[in-house]
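These notes concern the structure reproduced below.
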Amino acid sequence: MIPITLTVNGERVTRHVEPRRHLIDFLRLDLGLTGSHAGCEHGVCGACTVRVDGEIVRGCLVLAASLDGAEVTTIEGLSDSGEVADLQAEFVARNAAQCGFCTPGMVMTAADILRHHPQASRAEIREHLSGNYCRCTGYQAIVDAVEATLAQRRQEAGR
């Protein structure tokens, strides 16, 4: 077992982890943060997307032991912060969640667009979301929700 200390959703957490435990399993099994999902476990589907030190990563590809000292934000932390309340409202308004399995990873990835690419075009939104797999929506409603949120934020900022 390896001792690690992380800041998860603003709280300092110290645990002992197996050397090969993936971040998604640490979050779900050790911390009870089940909002992020374990889908393909190969980094392909994006269901396990979380932020590590401000950048989105696939939680199934990162070993928890490698993150000693890191800051991790899960969908729970992102939602609790209010950062994506407007995006969540747009997802609901457009029925972009449907079954909901991909939604946490999709929202984490969309939040990355909102933070780093506020002028993103529809094509850029689609490209940024392309690493997240959704079987239900066909992506149209998800892209619509992100596009509407970006437009609303630009309008509120007077841009």
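The values are calculated or read from the model by the stated rules, or taken from the named source; none is laboratory data. Given the structure is predicted, the values throughout are model-derived calculations rather than measurements. Here the Cβ is made from the backbone with ideal geometry for all residues, glycine too, and neighbour counts use every protein chain on show.
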>> For the stretch 1-84, give me every one of the strands (runs of 3 or more DSSP E) that falls completely inside it and has 3 or more residues that are under 17 Å from the mean Cα position of the chain (by Cα).
In response: 49-52, 55-58, 71-73
>> Return the residues of the stretch 1-46 that are closer than 30 Å to Tyr139 by Cα, without any contact (Cβ under 8 Å) to a residue 24 or more places away in the chain and among the β-branched types (Val, Ile, Thr); say none if nothing qualifies.
In response: Thr34
> Can you name the residue in the stretch 86-100 that is touching a Cys at 6+ places or on another chain (Cβ under 9 Å) and not small (Gly, Ala, Ser) and is also surrounded by the most Cβ atoms within 10 Å (Cβ to Cβ) among such residues?
Replying inline: Gln98
> In the set Thr49, Thr34, Thr7, Thr14, which member is at pLDDT 95 or above, surrounded by 18 or more Cβ atoms within 10 Å (Cβ to Cβ) and among the polar types (S, T, N, Q)?
Replying inline: Thr49
